[in-house]
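A short worksheet on the structure shown next.
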Amino acid sequence: MKMADESYQSAELARDAGYYRSALSRDYYAAFQVTTAFFHYRNLSTPKVAGNSREAWSHLITPELLDQQLKPFVKNPRRRLELKEKLRALYRFRVGADYLSSHRIKDEDTIHAAKSANYLIKTVRRLIED
């Protein structure tokens, strides 16, 4: 959880300084890190690659895995879908920010990303701490 909090705070600082690409990237990683903490809380093992455990789950499968792991805690399928889609959208923002130099970053993108990351962090934190 500490890594997620630090990434989220870094995103706020980057956004305030006008570094919108960095802010989008940090918002995604805050959400990814809190999701990873939830997977560890659920005692999931990271996938093995060539016989060695990875440090984390693939960014592409993480939203689906989150949906599956939330089922015992979040009974409403629309709410699970909302959380999964927020994580997916944050990932798309991050890819655009980190790898597509021609991708134009809009103010509303950074605001949306901050709200989505904050929502995911608060929701998952409540599940872990309850």
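Exposed loop trypsin sites (Lys or Arg not before Pro) only (DSSP loop, at most 15 other Cβ atoms within 10 Å): please give the longest stretch of the chain free of them, not including the sites.
Numbers: sites that count: Arg42, Arg54, Lys75, Arg104, Lys106.
My reading of the result: 1-41 is the longest stretch.
Assuming 0.890 mPa s and 25 °C, estimate D for the chain with Stokes-Einstein, Rh taken as the Kirkwood radius over Cα pairs, in µm²/s.
Details: Rh = 15.0 Å.
Using the Kirkwood radius from Cα pairs, D works out to 164 µm²/s.
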_Total lysine pairs whose alpha carbons fall under 20 Å of each other in the range 2-129 (8 or more apart, or interchain)_ = 14
*How many nm separate the modelled label positions at Tyr119 and Ala17, each set 7 Å beyond the Cα in the direction of the Cβ?*
2.8
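Just subtract the alpha-carbon distance of Lys2 and Phe73 from 0.36 nm times their residue separation and send over the number in nm, one decimal. Mind showing how you got there, number by number?
Working: separation 71, 0.36 × 71 = 25.56 nm, distance 2.22 nm.
That pair, Lys2 and Phe73, stretches by 23.3 nm at full extension.
We did not get these values from a lab; they are worked out from the coordinates using the rules stated. Everything numeric in this text was worked out from a predicted model, so none of it was measured. So basically every Cβ, Gly included, is an ideal-geometry build from the backbone, and we count neighbours across all protein chains shown.
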